[in-house]
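Below: one structure, written as structure tokens.
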Amino acid sequence: MSDTSYILRIACDDRPCIVSTVTTALASRNANIIESNQFWDRQTNKFFLRLAFRAPEDLDKAAVELALKPAVERFSMKLGIEDMDRRPKIIIMVSKFDHALLHLLYQIKVGWLDAEVAAIVSNHEDARKIAEQEGIPFHHWPVTKENKAEQEAKLVDLVKETKAELVVLARYMQVLTNELSTMLYGMIINIHHSFLPSFKGAKPYHQAHERGVKLIGATAHYVTPDLDEGPIIEQETERVTHAMSADDFVATGRDIESRVLARAVKYHLEGRVMLNDHRTVVFNP
């Protein structure tokens, strides 16, 4: 019989015996744990657990949920189970800067990022050629103040139609409405071209250059109604010097953005990110 791999994620108030109860329930059904991560937030007394396990062919998702039902009820758990062997679908949104988009597509091509791009959406035509070369459906949806709600409704329909698990803003230079940000909370990742919370708004690298900073960076975060203040998934910085121009800062920043966004997408799709109020718990591989 062939095994199936699952990712189990649990969040609840911390109490004794959580891990032993869960693992005993899995062992009773001949499941084999292949990776385990846990975290206790002392400030909130919240407990987070991520388990990757292999299960016999007769132990499907419904059977796993049934085996864990006593534990869920006992500890009032929030429970999530995903099939590790699935290939999750994503939608990438981009404007004119295509470096983050190209990096995502490359990492998918070489197998480091396991995902299927269901569509590329843009408010400009620039990325159409890239989409056509990759055989990916391309949607050109220009955004104005008058049609913003209509275009966002199209995006919601596209998510449902493609069954996409994640929307990736790969330098999509449009602010999403509060309604969409709330509706798809935890399903939209944005890359911010600066090391949040500093230098928000337009031309952050130029702001950084004018202030003579020695570190620049990028931040990948979930989108919320509070602009650029969603739970942070991944960040990276790099040293810069007084001898570098603003254009050098931009070039360095684009490289960082691409890497940070790809890692954030990978962590999300592998079930390594768990929301903890305004923060995240990220179980790095």
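The values are calculated or read from the model by the stated rules, or taken from the named source; none is laboratory data. Please read all numbers here as calculations on a predicted model, not as lab measurements. Every residue, glycine as well, gets a Cβ built from its backbone with ideal geometry; the counts of neighbours run over all protein chains shown.
A few remarks follow.
- Residues considered: SER95, SER122. Of these, the only one that is modelled with pLDDT of 95 or more and in contact with a helix residue (DSSP H, G or I) (Cβ under 8 Å, 6 or more places away or on another chain) is SER122.
- Within segment 128-177, being surrounded by fewer than 17 Cβ atoms within 10 Å (Cβ to Cβ), assigned to a helix (DSSP H, G or I) and among the small types (Gly, Ala, Ser) holds for ALA149, ALA153.
- Only one entry of GLU125, GLU65, GLU35 meets the criterion of being in a loop (DSSP other than H, G, I, E, B) and over 19 Å from the mean Cα position of the chain (by Cα), and that entry is GLU125.
- Within segment 79-105, the set of residues being of a type in the set (D, E, K, R) and part of a strand (DSSP E or B) comprises GLU82, ASP83, LYS89.
- Segment 139-157 residues that are closer than 16 Å to LEU184 by Cβ, paired with ones that are surrounded by 13 or more Cβ atoms within 10 Å (Cβ to Cβ) and of a type in the set (Phe, Trp, Tyr) (beta carbon under 8 Å, 6 or more apart): GLN151/TRP141; LYS154/TRP141; LEU155/TRP141
- Annotation note: Cβ proximity below 6 Å between a residue of segment 17-30 that is in the same structural domain as ASP60 (by TED's automatic domain parsing) and a residue that is of a type in the set (Gly, Ala, Ser) and crowded, with 17+ Cβ neighbours inside 10 Å (sequence gap 6+ or interchain) occurs for THR21/ALA71; VAL22/ALA71; ALA25/ALA67; ALA25/ALA71; ARG29/ALA67.
- When residues of segment 233-285 are limited to those that are assigned to a strand (DSSP E or B) and in contact (Cβ under 8 Å) with a residue 60 or more places away in the chain, the one surrounded by the most Cβ atoms within 10 Å (Cβ to Cβ): MET274
Residues checked against (1) at pLDDT below 85; (2) surrounded by fewer than 20 Cβ atoms within 10 Å (Cβ to Cβ); (3) under 24 Å from the mean Cα position of the chain (by Cα); (4) not in a loop (DSSP other than H, G, I, E, B):
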| site | (1), (2), (3), (4) |
| --- | --- |
| GLU179 | no, yes, yes, yes |
| TYR185 | no, yes, yes, no |
| ILE191 | no, no, yes, yes |
| SER194 | yes, no, yes, no |
| SER198 | yes, yes, yes, no |
| GLY201 | yes, yes, yes, no |
| HIS206 | yes, yes, no, yes |
| GLU210 | yes, yes, no, yes |
| ALA218 | no, no, yes, yes |
